Structures are given as structure tokens and as C-alpha cells.
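First the structure, in the form of C-alpha cells, and then the observations on it.
The values are calculated or read from the model by the stated rules, or taken from the named source; none is laboratory data. Bear in mind that the values here come from a model prediction, so they are computed numbers and not experimental data. Here the Cβ is made from the backbone with ideal geometry for all residues, glycine too, and neighbour counts use every protein chain on show. These accessible areas exclude ligands, DNA and RNA; they are computed on the full protein's heavy atoms, side chains included. Shrake-Rupley method; radii C 1.70, N 1.55, O 1.52, S 1.80 Å.
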Amino acid sequence: MTYCVAITMNAGLVFCSDSRTNAGVDQVSTYGKMYHYSVTGEREFVILSAGNLATTQAVVSQVKRDIRDNAATSLKTVPDISEAASYLGEINRLEQDKHASGGGPNGGMSFEASFIIGGQIAGDKPRLAMVYPQGNHITTSKDTPYLQIGESKYGKPILDRILTAATSLENAARCALVSMDSTMRSNLTVGPPIELAIYNADSFSLQRFRFDDDDEYLRELKKAWDQYLNEAFDRLPPLNWGDSLQSDEQA
């Protein structure tokens with residue numbers, strides 16, 4: 001399982017991903033799910049991936065080959081994030097079809113993969129897009145300034161309550177990490193190392209962080225969040241038992 005989230009604000013973009021691909025009693029596997037490509041002063045891209053590992057790795061490998069080989073269409077040539085998402089979606093769809101057509105022991109397996117691609121191309125604003133397994137994509141909206149792939153439900157509430165277009169990059173980054181912590185708390189197949197990337201609008205420069213399982217900041221964040229949640233719960237208005245309805249037996 002995977003959890004990735006990307007956030008867009010006026011100040012820039014934040015990306016966060018876990019690195020766990022499977023977790024069993026006797027085996028835990030980790031692979032990075034965040035990929036970065038840039039042309040200094042011209043364009044900056046981050047790709048987050050979720051789904052079948054063979055598909056995601058094949059898609060990323062093709063993206064890298066197209067850049068290296070100066071292909072007619074690549075992240076070096078697309079004019080905007082929407083075209084970048086369409087390009088990524090087409091590769092994704094072709095790779096899924098290639099794996100699925102193999103048959104044999106792969107018969108019946110799902111090779112679906114999803115991606116988030118975001119960044120900035122000179123002359124345009126920082127943007128995000130989520131690419132579906134079918135190859136189509138969506139972008140963020142005024143009311144929902146974030147995109148998620150993978151195990152999204154546990155980390156969604158904090159995003160809905162905190163994020164706005166005016167949220168600072170620092171607060172958005174902390175929000176992404178709390179969202180990740182909430183997901184890890186409820187789903188053990190999502191786990192460290194956690195990767196975080198912060199992009200300041202128009203900077204064409206990316207700050208990247210990695211938090212391992214024993215990272216002090218990650219432990220402090222989790223401890224503080226648990227403490228403040230409990231404190232907030234204790235301060236909720238008490239239930240007025242005097243206003244309760246009579247039971248059927250008393251009615």
C-alpha cells in the first residue's frame with residue numbers, strides 16, 4: 001500500500017510520500033515513490049507514484065529515457081503541467097497494457113498505477129495534476145487544494161480542515177506530515193521512510209527531506225499531535241444528559 005499527497009498554495013507546492021510497498025509478518029519492502037526532474041530556471045517537476053510497482057517503475061524509466069534521448073515529447077518539451085499529465089498518462093496506459101497482455105502467471109493481476117505530477121514551467125504558475133490508471137487526469141480546485149493517491153481516507157480530514165490557498169508552505173508541509181502520520185497510525189502497510197519536498201513558487205529549486213522510522217522530528221511531531229488531539233477532545237462541550245430522550249420503556 002502507498003500514501004502520497006501533494007498540496008498547492010499561493011506560496012508554492014508541497015509533496016509527501018511514504019516508501020513502503022508491502023508489509024508482512026516476516027518482510028517489509030521499501031521503494032521511493034517520489035521522483036524529481038528539473039531544468040535550472042526553466043522547469044521543475046515532481047512525480048509521486050502509487051499502484052503496481054512494476055508499472056510505476058516502468059513508467060518512470062520511460063520518462064527518464066525520453067529525457068535522455070531528447071524525445072519529441074518529454075518533460076523537457078511539454079508546454080504546461082496539463083500536457084505533462086497527458087504525456088504521463090499515455091505512458092502509464094501503454095505500460096499497463098504491456099504487462100497485462102503477458103498472460104501466464106500474471107493472468108488476473110492488476111497492473112494499475114496512479115501518479116501525481118506537479119511543478120512549474122517558466123511563464124506559468126505552479127500546478128498539480130493526478131493521473132488515473134486510464135490515462136486521464138484531474139487538477140486541484142479552489143475548494144480542494146490537494147491531491148491524494150493510494151490509502152487516502154485516513155489522512156484526508158486534517159487536509160480538509162487546515163488547508164487553504166493562503167496556507168504557508170511551512171504549515172502545509174506540517175499538515176502533509178500529520179496527514180501521513182494519521183495514515184500510518186491506521187494502516188500499517190504505509191510507513192517510513194517518509195519523503196517530503198517543498199517548492200517555493202518561481203524559485204525553480206526544490207527542498208527535499210527524508211524522515212526514517214527513528215527520525216527525531218517525526219517522533220516529536222507524532223507525540224505532539226497525539227497530545228494536542230487528546231487535549232482538544234477533553235475541551236469539547238459536555239453532553240447535557242438532562243436533555244436526553246426517554247427510553248422506549250419509559251415513554
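Scan segment 48-89 for residues that are within 20 Å of residue 2 (Cα to Cα), touching a helix residue (DSSP H, G or I) at 6+ places or on another chain (Cβ under 7 Å) and not in a helix (DSSP H, G or I) and jot them down.
Of everything in segment 48-89, just one residue is within 20 Å of residue 2 (Cα to Cα), touching a helix residue (DSSP H, G or I) at 6+ places or on another chain (Cβ under 7 Å) and not in a helix (DSSP H, G or I), namely 49.
Out of all the residues in segment 154-161, is one or more open to solvent by 20 Å² or more (accessible area, probe 1.4 Å) and assigned to a loop (DSSP other than H, G, I, E, B)?
yes
Is it the case, given these coordinates, that residue 165 is in a loop (DSSP other than H, G, I, E, B), farther than 26 Å from residue 189 by Cβ and not basic (Lys, Arg)?
So residue 165 fits the description; yes.
Can you say whether residue 143 is over 17 Å from the mean Cα position of the chain (by Cα), free of Cβ contacts under 8 Å to residues at least 12 places away in the same chain, in a loop (DSSP other than H, G, I, E, B) and surrounded by fewer than 19 Cβ atoms within 10 Å (Cβ to Cβ), as far as the supplied structure shows?
yes
Quick one: which of 128, 188, 163, 169 is under 22 Å from residue 59 (Cα atoms) and touching a strand residue (DSSP E or B) at 6+ places or on another chain (Cβ under 7 Å)?
None of the others qualify; the one that does is 128.
Filter segment 90-109 down to the residues that are part of a loop (DSSP other than H, G, I, E, B) and open to solvent by 80 Å² or more (accessible area, probe 1.4 Å), then identify the one that is modelled with the lowest pLDDT.
Top of the filtered list is 108.
Could you check residue 48 against (1) farther than 23 Å from residue 178 by Cβ; (2) at pLDDT 95 or above; (3) open to solvent by less than 10 Å² (accessible area, probe 1.4 Å) and say which number it fails?
Checking residue 48 against (1) farther than 23 Å from residue 178 by Cβ; (2) at pLDDT 95 or above; (3) open to solvent by less than 10 Å² (accessible area, probe 1.4 Å), the one that fails is (1).
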